Amino acid sequence: MQNNLDPRDGLEPAARTPKDAPAADQEVAPTSRISDAVHAWLDGEPVSEAALSAAPREVAFWKKIETETSARRRMVTPASVPAQILAKLPEKR
């Protein structure tokens, strides 16, 4: 026997209000718009420093992301880890 655990079960569609909707269903209005210059810079297109200086927070954020991802690209798994994982797997029956 399966139990229906949906708390909205049995509610009439008109009885639900937007505040009853799960947070994932609610739209969040954007607080700011990223400039076209930042988008062009992220796409690798040539952009003047003056255009980028209009959005210093966004540029700093994306530079930090690039630094972090570059470091993670250089990470490698130690050679002993695959052997340790395989040793922990159960034998086939």
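The rows are residues; the columns are (1) assigned to a loop (DSSP other than H, G, I, E, B); (2) at pLDDT 70 or above; (3) surrounded by 10 or more Cβ atoms within 10 Å (Cβ to Cβ).
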site: A24; (1), (2), (3): no, no, no
site: A29; (1), (2), (3): yes, no, no
site: H39; (1), (2), (3): no, yes, yes
site: G44; (1), (2), (3): yes, yes, no
site: A54; (1), (2), (3): yes, yes, yes
site: V59; (1), (2), (3): no, yes, yes
site: K63; (1), (2), (3): no, yes, yes
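Output yes when any residue across segment 66-73 is surrounded by 10 or more Cβ atoms within 10 Å (Cβ to Cβ) and not β-branched (V, I, T), and no when none is. Scanning segment 66-73, I find at least one residue that is surrounded by 10 or more Cβ atoms within 10 Å (Cβ to Cβ) and not β-branched (V, I, T), so the answer is yes.
The values are calculated or read from the model by the stated rules, or taken from the named source; none is laboratory data. As the structure is a computational prediction, the values presented were derived from the model and not from experiment. Please note: Cβ atoms are built from the backbone with ideal geometry, for glycine as well, and neighbour counts cover all protein chains shown.
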